Amino acid sequence: MLSNNMITKLNEQIGVEFESSNLYLQMSAWCAFKGFEGAAKFLSTHAEEERMHMTKLFTYLGETGAMAVIPALSKPQQEYDSLAAMFEQILKHERFVTAKINDLVALSYEEKDYSTLNFLQWYVGEQHEEESLFSSLVDKINLIGHDGRGLYLIDRELGKQAAMSAGAQN
Ligand code: OFO
């Protein structure tokens, strides 16, 4: 059985994951509008993954006899100065999400809630992967992606990555 405090914090995390999903979906619309079709596909696929992160929390709360409550969600940013600035923002956002997951892990230790501690291990691993992925994408964009040809190559690479993750999910 979860403490009321843990239920509140897990419900807040549902909001964080939902907002991540909406943020990346909105970013995919900006990319498509600007002609970055590969980045658009990559980000819409990633938005689906974030929705799955939300659903896992939603299901876990139900399994423990608590009720999942979807909080009010903020409106995602719609305009970006460049593809590079957008990916910098994603990396910053993922670091924020990691901090939220770390807070939940700390709370589960504090409360000796070993079921939630075990459940959260998946998110710890996922955040490590996501930070590493977005950090390497920011590096690549900074290396080759600021002019027309560089941006074309980055967009193509993102399209390939989206196709690979779609294949892995099927
Ligand atoms: Fe991007 O991992 Fe969930 O939020």
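The values are calculated or read from the model by the stated rules, or taken from the named source; none is laboratory data. Please read all numbers here as calculations on a predicted model, not as lab measurements. Backbone-built Cβ (ideal geometry, glycine too); neighbour counts: all protein chains shown. Note: accessible area is taken over every heavy atom of the protein model, side chains too, but ligands, DNA and RNA are not part of it. Shrake-Rupley method; radii C 1.70, N 1.55, O 1.52, S 1.80 Å.
For beta carbons closer than 6 Å, sequence separation of 6+ or different chains, a first residue in region 39-68 that is over 26 Å from Lys140 (Cα atoms) and a second that is near the ligand (Cβ under 10 Å from one of its atoms) and of a type in the set (D, E, K, R), the qualifying pairs are His53/Glu17; Met54/Glu17.
Taken as a whole, the structure places His128 among residues that are open to solvent by 50 Å² or more (accessible area, probe 1.4 Å), out of contact with any Asp or Glu (no Cβ under 6 Å at 6 or more places or on another chain), of a type outside the set (S, T, N, Q) and within 22 Å of Ala162 (Cβ to Cβ).
For region 101-111, does any single residue satisfy the condition of being within 16 Å of the ligand (Cβ to nearest atom), among the β-branched types (Val, Ile, Thr), touching a helix residue (DSSP H, G or I) at 6+ places or on another chain (Cβ under 6 Å) and within 30 Å of Asn4 (Cβ to Cβ)?
Step one: of region 101-111, the residues within 16 Å of the ligand (Cβ to nearest atom) are 101-105.
When the remaining residues are screened for being among the β-branched types (Val, Ile, Thr), the result is 101, 105.
Those still in the list that are touching a helix residue (DSSP H, G or I) at 6+ places or on another chain (Cβ under 6 Å) too: 101, 105.
Checking the rest, the ones that are also within 30 Å of Asn4 (Cβ to Cβ) come to 101, 105.
There is at least one residue in region 101-111 that is within 16 Å of the ligand (Cβ to nearest atom), among the β-branched types (Val, Ile, Thr), touching a helix residue (DSSP H, G or I) at 6+ places or on another chain (Cβ under 6 Å) and within 30 Å of Asn4 (Cβ to Cβ).
Within region 145-170, residues that are in contact (Cβ under 8 Å) with a residue 60 or more places away in the chain reach partners that are open to solvent by 50 Å² or more (accessible area, probe 1.4 Å) and among the β-branched types (Val, Ile, Thr) with beta carbons closer than 8 Å, at six or more positions or on different chains, in the pairs Ile154/Ile144. Checking each residue in region 69-79 for being in contact (Cβ under 8 Å) with a residue 60 or more places away in the chain and open to solvent by 70 Å² or more (accessible area, probe 1.4 Å) picks out no residue at all. Residues in region 136-157 that are within 20 Å of Asp81 (Cβ to Cβ) and either in contact with a Ser or Thr (Cβ under 6 Å, 6 or more places away or on another chain) or among the hydroxyl-bearing types (Ser, Thr, Tyr) (or both): Tyr152 only. Put simply, of Phe58, Phe36 the only residue that is away from the ligand (no atom under 11 Å from the Cβ), under 17 Å from the mean Cα position of the chain (by Cα) and surrounded by 16 or more Cβ atoms within 10 Å (Cβ to Cβ) is Phe58.
Please enumerate the residues belonging to region 80-98 that are outside any loop (DSSP other than H, G, I, E, B) and open to solvent by less than 50 Å² (accessible area, probe 1.4 Å).
Filtering region 80-98 for residues outside any loop (DSSP other than H, G, I, E, B) gives 83-98.
Across region 80-98, the qualifying residues are Leu83, Ala84, Ala85, Met86, Phe87, Ile90, Leu91, His93, Glu94, Val97, Thr98.
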